[in-house]
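Colleague: Sharing a structure below in structure tokens format, with a few things to ask.
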């Protein structure tokens, strides 16, 4: 299955989500994983390079071009970190995706960006349906802050995207583990961040 992780707005955490999910599928789900890093910033590739330098396993070397996307075979799980600079690669990824996971930060700007991205996906795919999934990322940890709930309510009103119940919260563990080439469940197995990735992974990749 090809899962595209994308949105138009920067700072939604696409690379962090891609990195953690890829390692979750490889280690927890025991599936062969192929990662495409189509973002010119190559943040996902940087994290995997650090991982390789440190000798952590499994080692994954992201593919940096969309040319071979869709030729991987049924025994591999494919995750694509979308970039915006190469529109040709973006269109290939959107056309070939089996589902699109959209990380959404809790702000009105991110909701607007998601609406524009959904329109872009519709324009590219035409009448070819695709599963559209939203996940609130970098959610507020303080219950008194209303932005996360408001963003979730706004996303549920869009109608053509399914907002997933699991949320990834704004936690230092995500930043620290990513910079060290480790998934959150590898660095801090009993952390709240690890539990969040576990819940999301089990939902997206059921046994």
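The values are calculated or read from the model by the stated rules, or taken from the named source; none is laboratory data. Remember, it's a predicted structure, so these values are computed and weren't measured experimentally. Heads up, the Cβs are rebuilt from the backbone with ideal geometry, glycines too, and the neighbour counts pull from every protein chain shown.
Colleague: Kindly list the number of the only condition in (1) in contact with a helix residue (DSSP H, G or I) (Cβ under 7 Å, 6 or more places away or on another chain); (2) without any contact (Cβ under 8 Å) to a residue 60 or more places away in the chain; (3) assigned to a loop (DSSP other than H, G, I, E, B) that fails for residue 70.
Modeller: Tallying (1) in contact with a helix residue (DSSP H, G or I) (Cβ under 7 Å, 6 or more places away or on another chain); (2) without any contact (Cβ under 8 Å) to a residue 60 or more places away in the chain; (3) assigned to a loop (DSSP other than H, G, I, E, B), residue 70 fails exactly one: (2).
Colleague: If residue 26 satisfies every condition in (1) surrounded by fewer than 22 Cβ atoms within 10 Å (Cβ to Cβ); (2) in contact with a strand residue (DSSP E or B) (Cβ under 6 Å, 6 or more places away or on another chain); (3) within 21 Å of residue 161 (Cβ to Cβ) but one, which is the exception?
Modeller: (3)
Colleague: Oh, and also: Considering (1) in a loop (DSSP other than H, G, I, E, B); (2) in contact with a helix residue (DSSP H, G or I) (Cβ under 9 Å, 6 or more places away or on another chain); (3) within 23 Å of residue 116 (Cα to Cα), say which one residue 59 fails and leave the rest.
Modeller: So the condition that residue 59 fails would be (3).
Colleague: While we're looking at this one, here's another question. Test residue 53 against the criterion of being surrounded by fewer than 19 Cβ atoms within 10 Å (Cβ to Cβ) and more than 24 Å from residue 155 (Cβ to Cβ), and give yes or no. Talk me through it step by step, then tell me what you get.
Modeller: Numbers: surrounded by fewer than 19 Cβ atoms within 10 Å (Cβ to Cβ): yes; more than 24 Å from residue 155 (Cβ to Cβ): yes.
When the stated conditions are applied, residue 53 passes them.
Colleague: Can I ask one more? Residues that are touching a strand residue (DSSP E or B) at 6+ places or on another chain (Cβ under 9 Å), closer than 30 Å to residue 53 by Cβ and without any contact (Cβ under 8 Å) to a residue 40 or more places away in the chain: find the helices (runs of 4 or more DSSP H) completely inside region 121-207 holding 3 or more of those. Break it down stepwise before answering.
Modeller: Details: elements: 147-156, 172-179, 184-187, 192-204.
Passing ranges, in order: 192-204.
Colleague: Here is a further query. How many of the residues in region 1-11 are surrounded by 24 or more Cβ atoms within 10 Å (Cβ to Cβ) and at pLDDT below 95?
Modeller: In the first step, residues of region 1-11 are kept if they are surrounded by 24 or more Cβ atoms within 10 Å (Cβ to Cβ); the result is 4-7.
Adding the requirement that they be at pLDDT below 95 leaves 6-7.
Residues that pass the stated criteria total 2.
Colleague: If you don't mind, there's one more thing I want to ask. Could you please let me know if residue 47 is under 18 Å from residue 6 (Cβ atoms), outside any loop (DSSP other than H, G, I, E, B), modelled with pLDDT of 90 or more and out of contact with any helix residue (DSSP H, G or I) (no Cβ under 9 Å at 6 or more places or on another chain)? Spell out how you get there, then give the answer.
Modeller: Values: under 18 Å from residue 6 (Cβ atoms): yes; outside any loop (DSSP other than H, G, I, E, B): yes; modelled with pLDDT of 90 or more: yes; out of contact with any helix residue (DSSP H, G or I) (no Cβ under 9 Å at 6 or more places or on another chain): no.
Taking the combined requirement at face value, the residue does not satisfy it.
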